[in-house]
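Asker: Here it is, the structure in full.
The values are calculated or read from the model by the stated rules, or taken from the named source; none is laboratory data. All figures in this text were calculated on a predicted structure; none of them were measured in a lab. All Cβ positions, glycine included, derive from the backbone under ideal geometry; neighbour counts span all protein chains shown.
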Amino acid sequence: MAVKISKQDALNYHSKGRPGKIEVVATKATKTQRDLALAYSPGVAEPCLEIAAVKEKVYDYTAKGNLVAVITNGTAVLGLGDIGPEASKPVMEGKGILFKIFADIDVFDIELNTKDIDEFVDVVKALEPTFGGINLEDIKSPDCFEIEYRLRKEMNIPVMHDDQHGTAIISAAALLNALELVKKDIQNIKVVVSGAGASALSCAQLYMDMGVQSENIVMLDRSGIIRVDRENLDDYKKPFATHRNINTLEEALQDADVFLGLSKGNIVSKEMVKKMGKNPIIFALANPDPEIPYDDALEARPDAIIATGRSDYPNQVNNALGFPFIFRGALDVRASEINEEMKLAAVRALANLAKKPVPDIVNLAYNEKSISFGKDYIIPKLIDPRLLTELSPAVAKAAIHSGVARRIITDWEEYANELSKRLGTDESILRVMVNKAKRDPKRVVFAEADTYKICKAAQIVRDEGIARPILLGSKKKIKEIIEQNKLDLQDLPIIDPRDPELENVRTEYGNYLFEKRKRKGLTCYESKKLMVERNYFGAMMVLNGEADALISGLTRNYAQTIRPGITNNRDGRRSR
C-alpha cells in the first residue's frame, strides 16, 4: 500500500519545532571549561599545526573523512523541474537523512545560486578541503555531464552524480540477476530504453560496460527514436543512436528482451509488451506512475520479470540501495574518486546479495516465510541490514585494487564489524515493524474518536497503510471534527455504541460478558449497561473477531482503560 500524505502534513513535518530536518551535533564532550578549551582556543591549535605539517592528517583530526556535500543548483528536481536553489533545499536535506540512517555519513547540503557551469565547478572545487566526498544532485541535463566530468578530473575526493549513476547501478544489478533467471546472454539481448536523460544515458552506458552490444540498444527521447539520421544530435546521445529503420516505441519493442523505462507513466500498452521476446525483462521505473502498470504488465506477460520504482510491488529499483553504501566504502579508504571499477563492484555485490539467504528480520518485515532469489526478488530489500556490510567492503576493495585508495584496509572482518556497529538497531527494528504492519494491515478500534488527536492519529495510521481504523463515538461529533479540521476520514467506519440500531449487538455482547463475569458479582443488567461504554464495546469487538486491536487511554485513567480488556475471551486468551 502506497503511503498517503496530505499537503498540510508535509508542510507541518518540515515546519514544526525547529524548521527543516537536520542539525549539527557535537561529537565530543563540551560540558566543562576544559572541554571548551580543548574544542576551541587554545587546544584547537595543536591539530591545526599537525594538519599544516601533513595535510592528510585532516582525516585524523576533523570530520572531513565522514562528511559528504550534497550539492545542487535546483535546475532538475525530480518531479518539480527547475525550481531554483532555495526551493530544492528540502530535497537536499532529505538526501542527507538517507546518508545518515543507512550509512552513518554526515552531510552538509549546499544549494548554489548559479546556472553557469564554470562557476558551479569553481565553487565546488574550492570546497575540497572541507569534504570527504561530493554528491551532485538534481542538476539539469546536459550540464550535469560536464560538471561531473570536470569535477572528477580536477578533484581528489570522490564525486558522483547520483541521478546518473544511482539508478544505473541498482538496475544493472537487477538486470544481471534477471538474465540469470531467464538464461539469456547479456551480449545477445535487445534493449529498449525509454528516456534519454541523465539516468537513462548512464544506465545504457553501464549496461554496455557489462556486455550489452551498442547495436542492440534502441533509445527514445521526447522526439521519438534516436536514429543516426537525426539532425542536431548531441554528443551524449550519439553513442546510442540506432541504424535500424524503426520509428515508434511499439516497433522497438518487437522481439525485445529488455525494456527500461525512465520517462513517463502509461506510455506502454499490454499489446506492446505482448510483442516482446520470450521471458521479457520489464523495468518500468517512472514515478509515481510507471510506463506500464505492474498488474497490466504481469497480466499481458506472466513470463515477465518486472521491476518498478515503487515500494508496493516486488523488485523496487531505489537509489537508496546504492549511494549510501558506495560513499561509505569510498570514504573509508579515502578514495580519490568513484571510478568504474567501484561502480561495477557495487553492481556485483548487490546482485550477489539477492542470491544469499535472506535474514529473518527481512522476512518478518514482509510477512514472508522465506523470501528467496527468483522473479519477484532480484534485488535486495532496502531494509536488509547486510547492504552496509556487503556493498561498502566491495566498493572499498575495488578502490584499493584500482589504485585510487589512500588508506589500505587489511582486516576485512574487523571492517565489517565496524560497519555493523555504526548503525544502532532501534531505527532498523522500527522500519521492520512498520513494513510488517503494512503487509497485513489490522483492524484497529480507536475508542476515543470524538477527539481531534485520536482522529488525526487514525488518519496517519490509515495514510501510512499500517492499520485499518474503526472509529468509536458519537457519529455527529466525529463528523464535525473531521469536517472542521479537513481530515480525510470520510471512508472510515464510525460506530456509536449508544446507537439504538445496535441494541441487539449490545445485548449479545452483554450476555457474553455476563457469562464470563457472573461469578465475580456482575449482574446481567449491569453487563448489558456496560456495553454503551466505548472501551467495553471495543473490547468485545476484538473478542468477537470484528477487530484485531483496541487503542484507548487518552481521556481515561489506566484502571478505567485496562479493565474491559482483561476479560477472558471464549478461548481463555486475553484481549489485545
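This table checks each residue for (1) farther than 30 Å from Asn367 by Cα; (2) among the aliphatic types (A, V, I, L, M); (3) touching an Asp or Glu at 6+ places or on another chain (Cβ under 9 Å).
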| site | (1), (2), (3) |
| --- | --- |
| Val444 | no, yes, yes |
| Gly465 | no, no, yes |
| Arg498 | yes, no, no |
| Lys528 | yes, no, no |
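Asker: Considering only the stretch 38-76, state which residues are under 18 Å from Pro129 (Cβ atoms) and assigned to a strand (DSSP E or B).
Answerer: Correct list: Leu67, Val68, Ala69, Val70, Ile71.
Asker: Would a scan of the stretch 349-358 turn up a residue that is surrounded by 22 or more Cβ atoms within 10 Å (Cβ to Cβ), modelled with pLDDT under 95, of a type outside the set (D, E, K, R) and at negative phi?
Answerer: no
Asker: Oh, and also: Checking Gly79 against (1) at pLDDT below 95; (2) surrounded by fewer than 17 Cβ atoms within 10 Å (Cβ to Cβ); (3) assigned to a helix (DSSP H, G or I), which single condition isn't satisfied?
Answerer: Going through the list (1) at pLDDT below 95; (2) surrounded by fewer than 17 Cβ atoms within 10 Å (Cβ to Cβ); (3) assigned to a helix (DSSP H, G or I), Gly79 breaks only (3).
Asker: Mind checking which pairs have a first residue in the stretch 7-32 that is over 20 Å from Phe99 (Cβ atoms) and a second that is surrounded by 10 or more Cβ atoms within 10 Å (Cβ to Cβ) and modelled with pLDDT of 90 or more, Cβ under 8 Å, 6 or more apart or different chains?
Answerer: From the stretch 7-32, the pairs are Lys28/Asp35; Lys28/Leu38; Lys28/Ala39; Ala29/Asp35; Thr30/Leu36; Thr30/Ala39.
Asker: Now, a different point. Just checking, which of Leu321, Leu249, Leu253, Leu260 is in contact with a Cys (Cβ under 9 Å, 6 or more places away or on another chain), crowded, with 19+ Cβ neighbours inside 10 Å and modelled with pLDDT of 95 or more?
Answerer: Going through Leu321, Leu249, Leu253, Leu260 in turn, just one is in contact with a Cys (Cβ under 9 Å, 6 or more places away or on another chain), crowded, with 19+ Cβ neighbours inside 10 Å and modelled with pLDDT of 95 or more: Leu260.
Asker: Quick one: which of Ile466, Ile495 is surrounded by 14 or more Cβ atoms within 10 Å (Cβ to Cβ) and modelled with pLDDT of 90 or more?
Answerer: Working: Ile466 fails: modelled with pLDDT of 90 or more.
So the residue among Ile466, Ile495 that is surrounded by 14 or more Cβ atoms within 10 Å (Cβ to Cβ) and modelled with pLDDT of 90 or more is Ile495.
Asker: Another question, then. For the list (1) surrounded by 18 or more Cβ atoms within 10 Å (Cβ to Cβ); (2) at pLDDT 95 or above, I need the number of the one condition that Ser141 fails.
Answerer: Single failed check for Ser141: (2).
Asker: Still on this model: Is it the case, given these coordinates, that Thr114 is among the hydroxyl-bearing types (Ser, Thr, Tyr), in contact (Cβ under 8 Å) with a residue 24 or more places away in the chain and out of contact with any Gly (no Cβ under 9 Å at 6 or more places or on another chain)?
Answerer: yes
Asker: Can you name the residue in the stretch 102-137 that is among the charged types (D, E, K, R) and within 26 Å of the chain's Cα centre (by Cα) and, of all such residues, is surrounded by the most Cβ atoms within 10 Å (Cβ to Cβ)?
Answerer: Looking at the filtered set, the residue picked out is Glu137.
Asker: Being crowded, with 20+ Cβ neighbours inside 10 Å and either more than 13 Å from Ser194 (Cα to Cα) or among the aromatic types (Phe, Trp, Tyr) (or both) is the filter here; which residues of the stretch 273-297 pass it?
Answerer: Val273, Met276, Pro280, Ile281, Phe283, Ala297
Table: residues versus (1) assigned by TED's automatic domain parsing to the domain that holds Glu148; (2) free of Cβ contacts under 8 Å to residues at least 12 places away in the same chain; (3) over 30 Å from Leu11 (Cβ atoms).
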residue: Glu46; (1), (2), (3): yes, yes, yes
residue: Lys55; (1), (2), (3): yes, yes, yes
residue: Ala63; (1), (2), (3): yes, no, yes
residue: Ile71; (1), (2), (3): yes, no, no
residue: Gly74; (1), (2), (3): yes, no, no
residue: Leu78; (1), (2), (3): yes, no, no
residue: Ser88; (1), (2), (3): yes, no, no
residue: Gly94; (1), (2), (3): yes, no, no
residue: Phe99; (1), (2), (3): yes, no, no
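Asker: A follow-up question, please. Out of the stretch 541-557, which residues are modelled with pLDDT under 90, buried (at least 21 other Cβ atoms within 10 Å of the Cβ) and closer than 16 Å to Arg506 by Cα?
Answerer: Leu543
Asker: Anything in the stretch 478-534 that is more than 34 Å from the chain's Cα centre (by Cα) and part of a loop (DSSP other than H, G, I, E, B)? List them, or say none.
Answerer: Answer for the stretch 478-534, where residues must be more than 34 Å from the chain's Cα centre (by Cα) and part of a loop (DSSP other than H, G, I, E, B): Asp496, Pro497, Arg498, Asp499, Gly521, Leu522, Thr523, Met531, Val532, Glu533.
Asker: Out of the stretch 492-533, which residues are out of contact with any helix residue (DSSP H, G or I) (no Cβ under 9 Å at 6 or more places or on another chain) and within 20 Å of Arg468 (Cβ to Cβ)?
Answerer: Pro493
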